[in-house]
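Visitor: Encoded as structure tokens, here's the structure I'll be asking about.
Read the figures in this text as sums done on the coordinates, not as results from a lab. Everything numeric in this text was worked out from a predicted model, so none of it was measured. Note that we place each Cβ from the backbone using ideal geometry, even for glycine, and neighbour counts take in every protein chain shown.
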Amino acid sequence: MPRWKPLPEGTEPSVRQLVSHLRRLKDRSGLTLAALEARTGCSRSSWERYLSGRALPSQRAVTALCELTGTDPVRLLALREVARTVWHASAPDDGNDTACDGRTPHADEEEADDEGGGDDEGGGGPGGRRTQRRGVGRGMFALVVTAAFAAAALSGALLGRAAGHGTTSAPRLPLVRCQVHSEEGALYAGYSRTWRKTIGLGYYREEVAEAECLLSRHGYDTGRVDGLYDIATRDAVRRAQEHAGEVNDGIVGQDTWPVLRRER
């Protein structure tokens, strides 16, 4: 078993916990960095930076490693969200890393802003109108989720106790209030107006809240409607896709958003 290099003094607790947990999962998998690259699609150099604390692990990397080790990704993805809020100050990357899908390490933080110049200004959806409500909804959603994750982290609810002493449950986020309405023949819940953003298991952002509200409107049970794309949400998406004759991969993207936004 390799001896990991200690993280620098002063590393934020949430960052330290995230990296330490990833290291434990890597050790549990028994895979080399080259094998991780082959099994996850994340480059070896990316894994080196993730496991040394020099780059923020992408959502895809965390989810892939959890799947390889049979670990529920929700708790670790929640910890990643907490770490992300302090990452730039506590563990800046060295500028040479690329994430699993070829983006920069912070691209998944920035992609939420990409939507403003595409879907909402006349791209995929009917009307193509920009609304102030979207901006307010996104800001409030981010504030509530970040506060919930931070509170859970401070209380020690994100990670299990030492081996042999039991584990704690994943944090429970506040429920999302769904107010689905129709605009020009399409349904909207007020959290996102996207028609093409891709979201899947482990995501936690306003697009997930939008999808959950629309799924609930159509009668598909997502469990807790809280903006977290968990297994119940994925299964609800699969049922909606199957009913619509789409590929039931449990991922909401440009083929599934029209199904969710369709009035029935």
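Visitor: Rounded, prolate or oblate: pick one for the stretch 38-82, where a ≥ b ≥ c are the square roots of the eigenvalues of its C-alpha gyration tensor, a/c under 1.5 means rounded, and failing that, prolate if a/b is larger than b/c, else oblate.
Guide: oblate
Visitor: I've got another one for you. State the three equivalent ellipsoid semi-axes of the stretch 1-63, derived from the C-alpha gyration tensor as the square roots of 5 times its eigenvalues, in descending order and whole Å.
Guide: Taking √(5λ) for each eigenvalue gives 19, 13, 10 Å, largest first.
Visitor: Run the simple label-point estimate for residue 48 and residue 231 please: 7 Å along Cα→C-beta, distance reported in nm.
Guide: Simple spin-label model gives 3.6 nm for this pair.
Visitor: Can you check what the net charge comes to around residue 180, using other residues whose Cβ is under 11 Å from the Cβ of residue 180 (Lys, Arg +1; Asp, Glu -1)?
Guide: So the surrounding residues net to -1.
Visitor: Could you rank the peptides 201-209, 33-41, 58-66, 46-54 by their average count of other C-beta atoms within 10 Å per residue, with the highest value first?
Guide: 201-209, 58-66, 46-54, 33-41
Visitor: Is the stretch 175-229 rounded, prolate or oblate when judged by the Cα gyration tensor, a ≥ b ≥ c being the square roots of its eigenvalues, rounded requiring a/c under 1.5 and prolate requiring a/b larger than b/c?
Guide: oblate
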